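Contents: one structure, followed by commentary.
The values are calculated or read from the model by the stated rules, or taken from the named source; none is laboratory data. Here the structure is a predicted model, which is why all the values come from computation and not from measurement. Here the Cβ positions follow ideal geometry from the backbone for every residue, glycine too, while neighbour counts run over all protein chains shown.
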Amino acid sequence: MTEEKLVCKNIVKTYGKTDVLQNVDLELEKGKIYGLIGRNGAGKTTLLSILSAQNPATKGTVTCNGMPVWENREALEHICFSREINPMGTTGQGNAYRVKDYLRAAAWYMPNWDKEMAERLVKEFNLDTKKKVMKLSKGMLSMLTIVIALASKADYTFLDEPVAGLDVVMREYFYRVLLEEFTESGRTFVISTHIIEEAADIFEEVIMIDKGKIIVKENTQDLLDRAVHVSGKAEEVDAATSGLNAMRVEKMGRSKGVTVLLKEGESVQKNADITVQPVSLQQLFVAMCGKEVG
């Protein structure tokens, strides 16, 4: 029996002379919430579009439960990528599309569409189904993508910046509904977001992508348990972190701060002249994908 996974192997995506994705290997297991984080242009949206067969890979393969996803309706019935809607991208008759037209189209494409859930979410989000999509605010467009993603009931559901434009009350509601649906259904969700701190607690695993390469795929808490920030006088910090994997160095005069990602069996040599603190997922992301300071 084929194990239920969404798998990509050696994925390369080239635009012109630039490899946007470089030999990406990734396995998404059934029944997890993944956080996909990376800087602008790192390849997040491109990767999700290839996993969902909305964009062909230049090289490599993607399979869902052992089936190739490209031009394979049976495999694609298990996948939904509810991406950001660009109302300016519609021309001609597309300018007349209303919210209810988008929902009707989604119901037609998604074989497991949950009409009752869609109607409930539309009501909770106070979406006007008669309103033209091109007239929606950024927050309302995000609400529409959330409705489509959750009501799709797809086994593997991807959301790209789902809370962009939402106020704090609606963001909190989205996370609560997402967790409720995850608990009840056991679906797999991949959330790509720049609002890392707010979403970190719901990510069972985190996937970091930088310059087209996946640099981390790990249980979120296990990853954070290995990360610390060491600060104090420069010479003391250097001594305490000697031989360790320093991800980011911050220098201010004679003082220094270093974010360290420990390996099994490693530890910081503590003393009274340094401070050792845990780091958040956002701080670790900045340390791994940002620039040195000082």
Within region 98-129, which residues are aromatic (Phe, Trp, Tyr) and at pLDDT 95 or above? Trp113
Scan region 208-233 residue by residue and report those that are in a helix (DSSP H, G or I) and either surrounded by 17 or more Cβ atoms within 10 Å (Cβ to Cβ) or of a type in the set (Val, Ile, Thr) (or both). Thr220, Leu223, Leu224
Given (1) buried (at least 17 other Cβ atoms within 10 Å of the Cβ); (2) in contact with a helix residue (DSSP H, G or I) (Cβ under 9 Å, 6 or more places away or on another chain); (3) on the phi < 0 side of the Ramachandran plot, where does Ala53 come up short, assuming only one miss? (3)
Residues of region 118-148 that turn out to be among the hydrophobic types (A, V, I, L, M, F, W, C) and touching a residue at least 60 places away in the same chain (Cβ under 8 Å), as a count: 2
When the residues of region 20-62 are narrowed to those that are of a type in the set (Ser, Thr, Tyr) and under 25 Å from Thr183 (Cα atoms), which ends up nearest to the chain's Cα centre (by Cα)? Tyr34
Pick out the one residue from Gly253, Gly265, Gly257 that is buried (at least 19 other Cβ atoms within 10 Å of the Cβ) and more than 22 Å from His194 (Cβ to Cβ). Gly257
Total residues in region 21-44, condition surrounded by 21 or more Cβ atoms within 10 Å (Cβ to Cβ) and farther than 21 Å from Lys153 by Cα: 7
Kindly list, by first and then second residue, each pair from a residue in region 42-60 that is touching a residue at least 24 places away in the same chain (Cβ under 8 Å) and assigned by TED's automatic domain parsing to the domain that holds Ala154 to a residue that is surrounded by fewer than 21 Cβ atoms within 10 Å (Cβ to Cβ) and part of a loop (DSSP other than H, G, I, E, B), limited to pairs with Cβ atoms under 6 Å and residues at least 6 apart or on different chains. Ser49/Asn55; Ala53/Trp70
Kindly indicate the residue of region 178-207 that is surrounded by 18 or more Cβ atoms within 10 Å (Cβ to Cβ) and among the aliphatic types (A, V, I, L, M) and also farthest from Glu124 (Cα to Cα) among those meeting that condition. Ile207
Residue under question is Lys256, and the condition is that it be farther than 12 Å from Ala287 by Cβ, under 16 Å from the mean Cα position of the chain (by Cα) and at pLDDT 90 or above; does it hold? no
Tell me, which residue of region 38-76 that is among the small types (Gly, Ala, Ser) and part of a loop (DSSP other than H, G, I, E, B) is nearest to Met208 (Cα to Cα)? Gly38
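Of a type in the set (S, T, N, Q), within 23 Å of Val206 (Cα to Cα) and assigned to a helix (DSSP H, G or I), is that true of Gln277?
No: the conditions fail for Gln277.
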Out of all the residues in region 99-113, is one or more surrounded by fewer than 14 Cβ atoms within 10 Å (Cβ to Cβ), more than 29 Å from Thr46 (Cβ to Cβ) and out of contact with any Leu (no Cβ under 8 Å at 6 or more places or on another chain)? no
Could you check, for region 162-170, whether at least one of its residues is closer than 22 Å to Thr45 by Cα, out of contact with any helix residue (DSSP H, G or I) (no Cβ under 6 Å at 6 or more places or on another chain) and buried (at least 17 other Cβ atoms within 10 Å of the Cβ)? no
If the requirement is being at pLDDT below 95, in the same structural domain as Val177 (by TED's automatic domain parsing) and in contact with a Leu (Cβ under 8 Å, 6 or more places away or on another chain), which of these qualifies: Glu71, Glu84, Glu27, Glu77? Glu84
Quick check on region 3-13. Is at least one of its residues more than 25 Å from Thr220 (Cα to Cα), at pLDDT 95 or above, touching a helix residue (DSSP H, G or I) at 6+ places or on another chain (Cβ under 6 Å) and surrounded by 20 or more Cβ atoms within 10 Å (Cβ to Cβ)? yes
Which members of region 147-160 meet the condition of being buried (at least 23 other Cβ atoms within 10 Å of the Cβ) and either β-branched (Val, Ile, Thr) or over 15 Å from the mean Cα position of the chain (by Cα) (or both)? Val147, Ile148, Leu150, Ala151, Ser152, Ala154, Thr157
